[in-house]
Every structure is written in structure tokens, then in C-alpha cells.
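Here is the structure we will look at.
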Amino acid sequence: MTRYIIRRLLWGVVLLIVVCALTFVFFRVFPTGDPAVLRAGRDPSPGLIREIRHSLGLDHSTLDQFWKYIKGVFLHFDLGYSYYSRQSVRSLIFERLPATLSLTIGAAVLWVLAGLSVGIISALRRHSPIDRASMGTALLLISAPEFWLGLVALLLFSQDIGKFPILPGSGTYVGLTSDPGKWFTSLVMPWIVLASTGVAIYARLMRGSLIETMSEDYIRTARAKGLPEHRVVRQGVRASITPIATLLPLEIVRRDNPRRFPDRPGHRTARGAIHHHRQHPRGHRLCVPRPTGALLVSAPAPSCVAR
Amino acid sequence: MSVGAAELVPGAPGGLEFLESRAEVAARSPLQLFWRRFRQDRVAKVSLAVILLLIVIALAAPLVIKIFGLPGPNVENPNLTDQFGSPLGPSSAHPFGVDSLGQDVMSRTIYGGRVALEVGIIGTGIATVIGVLVGTLAGFYRGWVDTLLSRLIDVVLSIPILLLGLGIGAACAVRGCIKGAIQPGLGVIIFLISLATWPYTARIVRGLVLSLREREFVEASRGLGASDARIMLREILPNLAAPIIVYASLQIPTNILLEAGLSFLGVGIRPPTASWGNMIAQATPIFNTAWWWMVFPGIALLITVLAFNLLGDGLRDALNPRSAR
């Protein structure tokens, strides 16, 4: 088992480098716009461009640049430099990390708890009105994109513009350390919206898995020897949660992407993923700024966990 | 087993009918069996009808907007915004309101459906063909072919699709790239979706082929001197049909959502071409005043994706009698 885990982790590192190389190629070789030209301002002289290119190290060969980059990542944990916001990528990431983590962890807790309980109830009351209603809602939630669901939730429930103003709207986020109460209430709506698809997926998985388990022979045996029903169910649930639990790390990474953040300036935070971020007056800046950031988290995780 | 019991008891009520119905069942092809089960699924039938309707509307979009008396999707009309430049809401002439350029939202929603269906169906089709090809080769030949293809699948799966989309989208969105092989707009997005989703199909197919190739009918075919190609095409492929159909039908709605997401981020379909994703993106800055601009494309998206999901569930149940439902 240890050997297996080590092998998977090493494979994760290899994958990470391959994926880094691919993104590097995409963003350097494809004509997305020369950072030096973008930086030089209007009507730059060729000399100025050359100078900027030299100061950014862009006059070296692509291979050389990549080698420098990888070396920086592994030796100094230097994730590179954002040409757009003119900051180091590491500080861009860590600046936003608390907000991203608050959002992701809260949503993950919600979707696991709600998803599993809905799934269990549905499976035990198969074909009942509760089951039908919750599975119908689940399918509806799976079919709606979060970036739209977030806007609709704000239109319906936010305190500033909602029809039924019951929850704080966008732009109310404060850090956990500055005001825990406000932090919590401001995140309730984002958590619910972000977790909605997850809850739906988990409820469906849990229901299917539990229905299958409950028709196994050992469950019949447990019933036959007179175990009380709640203990039979507990056995069944325990057996059917395992395959679902392995999915969780994958799902967390998948959910944690900027497009899904249901804040008012949704597309602005989302576009941030390419253009890093734009400061805007009402929302909070909350995205992993440079592809590398997300890659670091997401690339090894599937390969290590999925199998 | 109950059929056998009825046969054994002479004069048992319904004995003869049992025999008759069994003879009838034996004559049914798998396709007929599937159709019988599918026909009994009311939800699946309704969703199939909705999808057919959506396809008809998409194909006949120019006719449909003429019937409703709407302007074309790219007709801008500055008279439809108020003095502050805010678009006007739903009215009898414009049931879904207009956007900030004075373009009719309903007519853009209808044309957006064209894009969504094209991307969903063509993208899934291409991905399925590649996935089946790679998966079959990997599963059938095993050994180094399998190792190579499986590693390729791993690498592609570990690339975050959204970031890849942003990269390729940004690179190809204006002039196209790879010497015009990928055209901006629809071409980019179909390329991206097929690139990102074929490994899932390939993985499933590989697993199925690995177990199918050990079965007796494959051995029999090989014993009769069939070539590899013939075994793959005539023996294995038909057995893959049901799972592939189910998987593809559930992949279409995912891809439609992916298209909307990429267009929402500005790297998919770009204005002035209407797509549900880019309409919602354009509407976002003023969504609290011009709610209709984002609500209606969103509802269209929701209905389409829901219908495909329900159809996929129905197909799965009809093709796999043992599915847990």
C-alpha cells in the first residue's frame, strides 16, 4: 500500500510537470498577445519593447524560460510572475486563499451532509412522494449552471435587490478573523448555490448505492436474525458510503473553480481566471489568478485519488 | 420460473396465455424489447418530445421568429432603450424583452438554441467516435498499446478543461489557429469539447472491451478465422452499442453546459453571435435591472439540459433492465 501511494504521488509530480509544460506552451507559443507589447503602452518604439522583453526574460528561448520556471517552482516555491497584475503569482494566490477556502470548505460540508442524508432518505422511501420530489429537484439542480443559479438566487433572496430579502447579498463578505458572524451570514448564499449541484449529485449516488446494498444477501440475513431496522440501515449505509467517499477530493477540486462563484460580478471574478483579476467596487476578488495555481492543486489530485 | 410452474399444472388459469406470450417474447429483437420498455416511461417520452421540439425550433429558427413577428437576432434597435440606455422589459412585441443594444432577447434565445444543440450533438459525436476507437484498440490489444493509450488518457484527463479552454479559446478566438484548422467560435468550442471529453468514453469502452474479448463468442469467431478488424467491428462493437448510447446521451447535456460556461467566460461563442452562455454573461453587469436578459436564456438552457438528462436516464433504464431504479 505504501509503495502504491508513493508510486501514485511520483506519477502525480510527473503529471504536474507535463501539465505545466502544456500550459506553458499554450500561453507562450500561441499568439495570445505579447506581454512585452501589452506592457509598453501606446505606440511603443521597437527599442522599448526589446528592453521590456529583456527585463522580463522573454528574449531567452522557450525551453530556457521553461527550465527557469520549473526550477523556480521547485527550489523557491516561486510560481512565476503575472504580467497582467505585475505581482508574483504566489502572493496573488495567497491573498485570495482565505476566501477561496472559506467558500470551498463550507460548501463541501454542506453538500456532503445534505447530499448523503437526502440520498439515504430517498433510498429508504423508494418511490414515495419524498423520493420523487427530491430526485426531481436533484435533476433540476444538476441541469442548471451555477453561474446562472447564483444570479437567480441573488435576484430572489439577497437583501439589497431580492424579491424575498432574507440573506445578505453580494459584496458583504468579510474575513473570518475580522467578524466571524458576518463572515458566516455573508457566505450562506454562496455556500448553498455552490453546493446545490454537489448535493444533487451526491444524493443521486447515495440513493443508487444504498438501494443496491439493501438488496444484498447479508442485509436479508441481518433482518432475518432480528436486528432492529435502524441497525440494518446503519450497516447498509456504512457499506455504501465508501465508494462515494473516494469521489470527494475530486469533487472539491472540480467545484473550486472561479466560474462557479455566485457573487454579483460573477463574470468579472470568472474572467479573472484569464485576466487575473479586476478590482471592482462591490465584489470580492476571489479566484486563482494564474493557471498554474489551479494546476498545482488540481493536476495531481485526480491522478492520485481517482484510482 | 413461474412460467414453468404454470406449464406443469394442467388447466392452470392462464397457462396457455403464458405459453403464447413466451413464444411472442422469444420472437422480439433487443431493439423491440428496448422500445417496449422505453414506451412505458412517460418521463422519457415527454423529454424526447421536448428535445424533438427544440431541434425543430432550432432548425426552423428563421421561420419561427417570423411566425412570432420578432426581429432577427442581430437587429439592433436603439429606440428600444430608455434615455439612460437601459433596455426595455418584456412587452407584447418583445415577449422576452430586449438587450442593451436593442436586440430582441427571444429571437436571440432561439438562435442560441441552435448553437447549444450543434455543440452538444456534434461535440459529443466526435468525442464518442474518438473514445470508442481509442478504448477499443487499448482494450483489444492490451500490452504496450494499452499502456500507451491509457497514459495518454490520464494526461488528457488531468488537464483542467476550463484552463485549457481559456488558453485555446484566447489563442484561437480571433483568427483561428493551427493554420486555420480550428475556426473561431463554433469550431473552437467543438474542438475543445471533443478534446476534453473523449477520454471518459475511452476509459469506459476500454473496460468493457477488456471483458468482452475474453468471452466465448469472440473465441468462436477467432476460431473460425476472423481477422482482428472483423472481431472488433462485428463482434465487439455491437455489444458496446447500449452503454455507448447511454453514455453519449448523458454527455450531451454536460457538453451543452460546458459550452454555456465557456461562452460565459468569453472564450466560446462571442457576440454578436447569440449563445445562451454569452447572453447571460452580457446581462450579468445589469442583471438586477434587466433581469429578463439573463433569466430567459437561463431557463432555455435549464429546459434543454434537463430534457437531455431525463432522456438519458430513460434510455439507461430501457437498455439495462437490471439498473437500480
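The values are calculated or read from the model by the stated rules, or taken from the named source; none is laboratory data. What you see is a predicted model, and the numbers here were worked out from it, not measured in a lab. So basically every Cβ, Gly included, is an ideal-geometry build from the backbone, and we count neighbours across all protein chains shown.
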Query raised in the report: Just checking, how many residues over region B:282-299 are surrounded by 22 or more Cβ atoms within 10 Å (Cβ to Cβ) and under 22 Å from residue B:44 (Cβ atoms)?
Result: 0
Query raised in the report: Counting only residues that are at pLDDT 85 or above and of a type in the set (S, T, N, Q), which one in region A:83-131 is nearest to residue A:197 (Cα to Cα)?
Result: A:117
Query raised in the report: So which residues in region A:136-145 are facing chain B (nearest Cβ under 10 Å) and more than 22 Å from the chain's Cα centre (by Cα), if there are any at all?
Result: A:136
Report summary line: Only unsatisfied item for residue B:273, checking (1) in contact (Cβ under 8 Å) with a residue 12 or more places away in the chain; (2) more than 15 Å from residue B:139 (Cβ to Cβ); (3) away from every other protein chain (no Cβ under 14 Å); (4) in a helix (DSSP H, G or I), is (4)
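Tell me which residues, restricted to region A:107-123, are β-branched (Val, Ile, Thr) and either within 22 Å of the chain's Cα centre (by Cα) or surrounded by fewer than 18 Cβ atoms within 10 Å (Cβ to Cβ) (or both). Let's see the steps before the verdict.
First, the residues of region A:107-123 that are β-branched (Val, Ile, Thr): A:109, A:112, A:118, A:120-121.
Hits for region A:107-123 are A:109, A:112, A:121.
For (1) of a type in the set (A, V, I, L, M); (2) closer than 27 Å to residue B:136 by Cβ, each residue gets a yes or a no:
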site: B:253; (1), (2): no, yes
site: B:271; (1), (2): no, no
site: B:279; (1), (2): yes, no
site: B:289; (1), (2): no, no
site: B:293; (1), (2): no, no
site: B:299; (1), (2): yes, no
site: B:305; (1), (2): yes, no
site: B:308; (1), (2): no, yes
Query raised in the report: If you scan region B:276-300, which residues turn out to be of a type outside the set (A, V, I, L, M, F, W, C) and either within 17 Å of the chain's Cα centre (by Cα) or more than 11 Å from every other protein chain (Cβ to nearest Cβ) (or both)?
Result: B:277
Query raised in the report: Out of curiosity, is residue A:131 among the acidic types (Asp, Glu), out of contact with any Cys (no Cβ under 7 Å at 6 or more places or on another chain) and not in a helix (DSSP H, G or I)?
Result: no
Query raised in the report: Is it true that some residue in region B:77-93 is crowded, with 18+ Cβ neighbours inside 10 Å and either assigned to a helix (DSSP H, G or I) or not assigned by TED's automatic domain parsing to the domain that holds residue B:203 (or both)?
Result: yes
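Search region A:146-166 for residues being within 24 Å of residue B:301 (Cβ to Cβ) and modelled with pLDDT under 80, and hand back the single one that is farthest from the other protein chains (Cβ to nearest Cβ). Quick ask: steps written out before the conclusion?
Step one: filter region A:146-166 for residues within 24 Å of residue B:301 (Cβ to Cβ), giving A:146-158, A:161-164.
Among the residues that remain, those that are also modelled with pLDDT under 80 are: A:158, A:161-164.
Details: A:158: 9, A:161: 4, A:162: 9, A:163: 10, A:164: 15 Å.
In this case the residue turns out to be A:164.
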Requested in this report: Answer yes or no as to whether residue A:205 is in a helix (DSSP H, G or I) and within 24 Å of residue B:279 (Cα to Cα).
Outcome: no
